[in-house]
Amino acid sequence: MVSAAPPPAGVDVTVSVTNMRNTDGVVRACMTRDQGHFPRCQDAAQGYRTVVPAGEARVLVFHDVAPGTYGIALLHDENGNGRADRALGMMPREGFGFSRDAPVHMGPPSFGDAAIHIGSSPIRQTIRMRYML
């Protein structure tokens, strides 16, 4: 009897988070292949999400990630209210970070600037948390 080969397993994507200003609240992390939903990842069918207490957020791991091109976004939700708070309607009050340390110019980076390729080997990324206020 011939058995079918198991489907290929995904890989782990490990994210080291640097430059956290405190351990208040949580860190919300998302990783998506859906360019239209980056960087918020809300309702992204092709993505992964995790929320961890900020004091435990030095290293985040997305498990069993399928191959593809992804963007990673982090939010240091210091007050734990589930959203990115802003001052004057524009300026982020809380920390944020993106894969490839993608540049921020008057808004979040493009998917292309943050894009990383996931293949068959585990990936490590370092993401620097940034604070505007």
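Read-outs throughout are calculated quantities, based only on the coordinates presented, and are distinct from any laboratory measurement. Here the structure is a predicted model, which is why all the values come from computation and not from measurement. Positions of Cβ are backbone-derived with ideal geometry, glycine not excepted, and every protein chain shown enters the neighbour counts.
Once amide H atoms are placed 1.01 Å from N in the peptide plane, what residues at a sequence separation of 5 or more from Gln125, or on another chain, have their amide H within under 5 Å of its amide H?
The answer is Thr14, Val15, Ser16.
In nanometres, what is the gap between the two model label sites at Thr50 and Thr69, each 7 Å from Cα along Cα-to-Cβ?
Between Thr50 and Thr69, the label points sit 2.5 nm apart.
Report, by chain and number, residues whose modeled amide H sits under 5 Å from the one on Val65, excluding near sequence neighbours (fewer than 5 apart, same chain).
For Val65, the qualifying residues are Val11, Asp12, Val13.
Given the Cα-Cα distance of Ser110 and Asp34 and 0.36 nm per residue of separation, how much length would full extension add, in nm?
So the extension gain works out to 26.2 nm.
At 7 Å along Cα-to-Cβ for each site, give me the label-to-label distance between Ser121 and Met90 in nm.
It works out to 4.3 nm between the two label points.
Can you compute the charge dipole magnitude of the chain about its Cα centre, using +1 on each Lys and Arg Cβ and -1 on each Asp and Glu Cβ, nothing else charged? Give it in debye, rounded to the nearest 20.
220
For Arg58 and Arg21, calculate 0.36 nm times their separation in residues minus their Cα-Cα distance, and state this gained length in nm to one decimal.
12.1 nm
How do Tyr131, Tyr70, Tyr48 rank when sorted from fewest to most other Cβ atoms within 10 Å of their own Cβ? Display every interim value, and only then the final one.
Working: Tyr131 16, Tyr70 27, Tyr48 20.
Listed from fewest to most nearby Cβ atoms, that is Tyr131, Tyr48, Tyr70.
Cα centroids of region 53-97 and region 113-133: how far apart, whole angstrom?
12
Note the direction-averaged projected area, equal to a quarter of the hull surface, for the Cα convex hull of region 57-105, in nm².
Values: hull surface 19.6 nm².
That works out to 4.9 nm², a quarter of the Cα hull's surface.
Quick check on the exposure proxy: order Leu60, Leu74 from fewest to most C-beta atoms within 10 angstrom.
In increasing order of surrounding Cβ atoms, one gets Leu60, Leu74.
Which order results if Met106, Met132 are arranged by neighbouring Cβ count within 10 Å, fewest first?
Fewest-to-most Cβ neighbours within 10 Å comes out as Met106, Met132.
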